[in-house]
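Laboratory data are not the source of any read-out in this text; all were calculated from the coordinates shown. Because the structure is predicted, anything quoted here is derived from the model rather than measured. Neighbour counts are summed over all protein chains in view; Cβ atoms, including those assigned to glycine, are modelled from backbone coordinates with ideal geometry.
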Amino acid sequence: MPLEPTERWHDEIPGTRWFRADLHLHTLDDPYIALPPGIEGERDDPAVLKAYAEHFLDAAVAQGIEVLGLTPHAPSIKAGLSAAWTIITTWESGYQPSSGRAYRDLIYAVYPGFEPSFADGNNGIHLIFLFDPTVGKEQYLNAFSAIMAGRPGYEGKNLHQTLKAPKEVFAELDDRLSIGKGNYLVIAAHPLQQNGLLSRPGHYITDLAGGHIHAAELRRNRTLSEDLGDNSKLRHAFEKGRVALYHSSDAIKLADPNIAPTDQALGYRFALLKLASPSLEALKQAFLGRDSRLRIPYIRDAAGQFVQDPHLPVPVPQGHDARPWIREIRVLGGASFLRDQIFRFSPDLTGIIGGSMTGKSTLLDGLRLIFGGEQAMPNRATSLGQNALARAQNRFLSGGTQVEMESPAGDLARPVAERFAPRFFSQGELKSLAEDDEGIEHLLFHLIPGRGGALLAQRDTLNSIDQRIAKAVPRLTRLQAQVAEAEQELQRTAEAREAMKQFEQAGTPALPPAQQDAARAKTFASDAKDQIERALEMSEALGTLSLPVFNSPEIRASLSPPEPADTADAASLLNKAKAQAEAVFTALKSIGEMANATEAAANTRLAQMTAQVQAALVATGRSASDLNQFEAYAKTAQHHDSFLAALQGKTLEFEKAFKGFQADLVERDALIKTHRTEVEQICREVETRFAGRVVVAVDPEGRRGPLESWMLGLRNPGISRWWNSGGSQSATPTKLRAVIGAFTKQDLEQAQTQAKALGMSDAVATSFLEQIAPWARQLEVWALRSPDRYRIRWVEDGTPKDLDDLSGGRRVAVLLSLILESDDPTPLFVDQPEDELDNRFLNETIIPALHRLKGKRQVVFATHNANLVVNGDADQVIALEADAQHGRVYAAGAIENDAVRTAIVRTLDGGDDAFGLRRKKYGF
């Protein structure tokens, strides 16, 4: 039974994952290896060996080494007693004393092995044999004994050599010992040293590589390119024999946990390997898939120092600074076609396979809708877009389905769909990318690693400036109108103030008192008249009043009380009242006559003064009737200062806004120039990077959408005909601003000439100048910007061809290969790209790009093509099956998983029989 990893490793990373591996580690089985500090006793004491094994594993944990190859020159200290195998058993079932955690949770794989010396060549040849950890101690020790023909590994501290040839040993392990070819692999230890395979004449390492030599070690302080450049045999083995090359420590000691390891200490050198299980088959797959599953961590920096590459893949990308990726999708309940399914993705390459109608496209379209909404779906004017939206809404999210997403990258407090925006391409959508200017721009900016961020920042800044400028146009137009209105108001108050000055010079200051006297006299006369009428009414009423005659003496007595003597009776009082009322009427009548005389005098005086003022106004040039507007002028004149302040404020606001508008234009023009220069440099670098196979043509101001909308928005038939018949190819905002510049300088002849240079007829040029006469129109032209257009061209037979001129399949192939070569870190989901690809181009271009992407970008393909999954070396394969109502995951994992491998053969290769028949027909 193969040894399965503990859950935590592939809960973190589904499928294969990156591990730091040190595969050349000597153990206490070698007599020259000393016990670490703190461990005392005899090296053959089982208790000492147990303490040593824990110390060994702890040292690996401290250095972050998760895959170990135990390679002593001899596998045991003495018969049956092996330090290497003690490490294996401690790793398999032991717990770290300091933390209490199982070693299986701290170290992913430990491969038992040894490094015998073959008596071949002048100094012998060292080969490393590694076995599956399930091989068992007995088989492990028997294998070494068979290689050595029963001789011990050491005589004292002297290393023995085997007299058997490597090929003889391979045959014995394969056949006679029943270990089996699949349960061990061989590595050329330090091949460039005197006891390495490259010391032999000819291409000996390549001869042995046929199924047995899977890898060879690089020198510990040399890069891959340096070792390949120094030795043609190694290059031949690497290129022709497909031997994987990597670094290891050849460790003979353990580093202190608190310090970096020194030369030949565990962890001093390591390789990054991708494994799906702690089995030897997984390690073999990593060497076989060296382009995608192996990374060499060491480079020369700018100063020539041998250093660790700072851009190595991160085993578990997580946190704010991690590249974005989705680990898990859970489709819960509802009526979804994929209800109650869990999809787990690798941060690198995931292949989704299955027959037609099993839900591959449904899953990708549904995720696309979740992340970007309907606006992110393919164009709904096309059947492709309609079908994609229907799958997303009606098959994936139907009936109240809930979708939960999990990602360890970004701000964990935010929903996954808000942390990053994956890129999606539906079936056939790659074809239309050539027509998507923004998509081509995004792609181009990411083709040179490390440059995309700055270019996109410049583009976003330009867009931000465009928005500021666009918002400024209506504001400036409004402010200009407000300034004009304030100027008119101020002019009106100034005219009123001037009129008031002329009125004053004409004597109008004397008019108000005369007017007041006349008004008072009129009021007094009116009031007197009112009182006279009331007095008359009272006198007449009293005249008709008489005392009644009562029958009762008592009542009559009450009207003429006898006592006191001086008390008047009612008759006397009534007569007195009548006399007084008559007297009041007479007095008021006299007052009324005087009031009328006073009013007449006041009116006469006012009329005289008014006539004098009118004569004086006429003498100043005004009309006599202007005096009727005196009060209106007076009211208007008193607002002069407030209107002046308002005009000054609006003028200042307008000038500030216009200066900001002009500053934005200057900033934008400068940034356009800088941006264009940097993009042109990128275009040259792209051509260099792709060895002339890809060239990029820059069409300045080539994206004319905004300009077209403005032109056609003028709704002028002549201008629209000119635009549609060729003007769109000649006009740019820059050229139109030149026309406006001449027009505002009132050089109409020059403006007409420049307009005609754009292909306008005399009549159209005249119409255009009429259209741009309003200042608001001119502002709109100044605000317009047509971004540059980039045309990616593919070079075939020395001739650059626009993507539009390529066949559909070749266009898709070129665009997909460029997408995969970009340094865009956002997850990429592509639905069945192979529909348009030929397998030759796929294997020559797409597959190598997928291999290089490992550790840089999450890519998810839904595919029927075995090449993408197998040759692309998918880290996680999700196999779907379905009935009419429900799709489900029936296998998931890496390619070396038996259920996954069976699913691949069945789904992509037509089953075992079809695969076997093709092998026979090919003659393999």
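Once phi is turned into ³J(HN,Hα) by the Karplus curve 6.51 cos²θ - 1.76 cosθ + 1.60 with θ = phi - 60°, what whole-Hz value does each residue of segment 278-291 show in order, with x for glycine and proline?
x, 8, 5, 4, 5, 5, 5, 4, 5, 6, 5, x, 4, 5
Can you tell me, using C-alpha contacts under 8 Å and at least 6 residues apart, the relative contact order of segment 704-786 as a whole percent?
Relative contact order comes out at 38 percent.
Using semi-axes √(5λ) of the Cα gyration tensor in Å as the read-out, say which of (1) 45, 37, 30; (2) 64, 42, 24; (3) 101, 40, 28 was calculated from these coordinates.
The value matching this structure is (3).
Work out, step by step, the length gained on full extension between K576 and T477: first 0.36 nm times the residue separation, then minus their alpha carbon distance; give nm to one decimal.
Extra length available between K576 and T477 comes to 27.2 nm.
Can you compute the modelled spin-label distance between N394 and A670, with each label point 7 Å from Cα toward Cβ, in nm?
5.6
Return a whole-number percent for the relative contact order of the chain, with Cα pairs under 8 Å and 6 or more residues apart as the contact set.
14
Can you list residues from other chains, or at least 5 along the same chain, whose modelled amide H is less than 5 Å from the amide H of I352?
Close amide H contacts, sequence-distant or interchain: F861, A862, T863, I878.
Can you give the percent of C-alpha pairs in segment 704-786 whose distance is more than 21 Å?
14
Order these by the 10 Å Cβ neighbour count, fewest first: R793, R852.
Placing the least packed residue first, the sequence is R852, R793.
Measure nothing but the geometry: give the 0 to 90° angle between the long axis through the Cα atoms of 570-619 and the longest principal axis through the Cα atoms of the chain, rounded to 10°.
60
Once the piece of chain linking L536 and Q729 is laid out straight, how much longer is it, given 0.36 nm per residue of separation minus the C-alpha distance between them?
59.6 nm
Taking 7 Å along the Cα-to-C-beta vector as the label spot, tell me the D823-A457 distance in nanometres, rounded to one decimal.
For the pair D823/A457, the computed spacing is 1.3 nm.
Under a point-charge model restricted to the Cβ atoms of Lys and Arg (+1) and Asp and Glu (-1), what is the dipole moment magnitude of the chain relative to its Cα centre, in debye to the nearest 20?
1780
Any lysines with Cα under 27 Å of the K745 Cα? List them, leaving off those in the same chain fewer than 8 positions away.
K471, K650, K656, K659, K673, K735, K756
At a 10 angstrom cut-off on C-beta neighbours, averaged per residue, how do the peptides 753-765, 358-370 rank from highest to lowest?
358-370, 753-765
Taking amide H positions as placed 1.01 Å from N in the peptide plane, with prolines and chain starts having none, which residues 5 or more places from Y154, or on another chain, fall under 5 Å of its amide H?
Long-range HN contacts for Y154: H160.
Give a quick list of chymotrypsin sites (Phe, Trp or Tyr not before Pro) in segment 1-80 that DSSP marks as loop, anything other than H, G, I, E or B, with at most 14 other Cβ atoms within 10 Å.
Loop-located and lightly packed - Y32.
Along the Cα→Cβ direction, 7 angstrom out, place labels at A79 and S99. What is the inter-label distance in nm?
4.1
Give the peptides 640-646, 287-293 in descending order of average Cβ contacts within 10 Å, highest first.
Those peptides, ordered most packed to least, come out 287-293, 640-646.
What are the ³J(HN,Hα) values, in whole Hz, obtained from phi via the Karplus relation 6.51 cos²θ - 1.76 cosθ + 1.60 with θ = phi - 60°, for each residue of segment 61-71 in sequence order, with x given for Gly and Pro?
3J(HN,Hα) across segment 61-71, in whole Hz: 4, 4, 8, x, 8, 10, 10, 10, x, 8, 10.
I'd like to know which of W794, V812, I740 lies farthest towards the positive end of the charge dipole of segment 732-826, counting +1 on Cβ of Lys and Arg and -1 on Cβ of Asp and Glu.
Ranked along the dipole, the leading option is I740.
Under 18 Å from the 7 Å Cα→Cβ point of L545, by amide nitrogen: which residues of segment 575-589?
575-586
Leaving out same-chain residues fewer than 8 places away, which lysines sit with a Cα under 18 Å from that of K589?
Excluding near neighbours in sequence, the set is K522, K529, K578.
Please work out how much length the chain gains when fully extended from S552 to R242, using 0.36 nm per residue of separation minus the C-alpha to C-alpha distance, in nm with one decimal.
96.2 nm
Once you sort the root eigenvalues of the Cα gyration tensor of segment 264-380 as a ≥ b ≥ c, which label holds: rounded (a/c under 1.5), prolate (a/b larger than b/c) or oblate (the other case)?
Prolate.
Classify segment 107-302: rounded, prolate or oblate, from the alpha-carbon gyration tensor (a ≥ b ≥ c, eigenvalue square roots; a/c under 1.5 rounded; otherwise prolate if a/b is larger than b/c)?
It comes out rounded by the Cα gyration axes.
Give me, ordered by chain and number, the residues 5 or more places off I772 or on other chains with an amide H under 5 Å from its own placed amide H.
So I772 has HN proximity to no qualifying residue.
Need the list of lysines near K284 for cross-linking: C-alpha distance under 27 angstrom, and skip anything on the same chain fewer than eight residues off.
Once the sequence-local lysines are set aside, what remains near K284 is K137, K164, K167, K181, K233, K240, K253, K274, K854, K856, K920.
So if R0 is 51 Å, what FRET efficiency would A47 and D11 give, r being the distance between their Cβ atoms, rounded to the nearest 0.05?
0.90
N603 to K501: FRET efficiency via 1/(1 + (r/R0)^6), r the Cβ-Cβ distance, R0 41 Å, to the nearest 0.05?
0.90
What does the highest-first list of 232-239, 671-678, 251-258 look like by mean Cβ count within 10 Å?
Descending mean neighbour count gives 232-239, 251-258, 671-678.
Helix 733-744 sits at what angle to the longest principal axis of the chain, using alpha carbons and giving 0 to 90 degrees rounded to 10?
Long axis of 733-744 versus the principal axis of the chain: about 30 degrees.
Just to check I understand the Karplus step: with θ = phi - 60° and J = 6.51 cos²θ - 1.76 cosθ + 1.60, what whole-Hz values come out for segment 48-57, glycine and proline as x?
5, 4, 5, 5, 5, 4, 5, 4, 4, 5
Can you figure out the FRET efficiency of F658 with E374, using R₀ = 56 Å and their beta-carbon distance, to the nearest 0.05?
Using R0 = 56 Å, I get an efficiency of 0.90.
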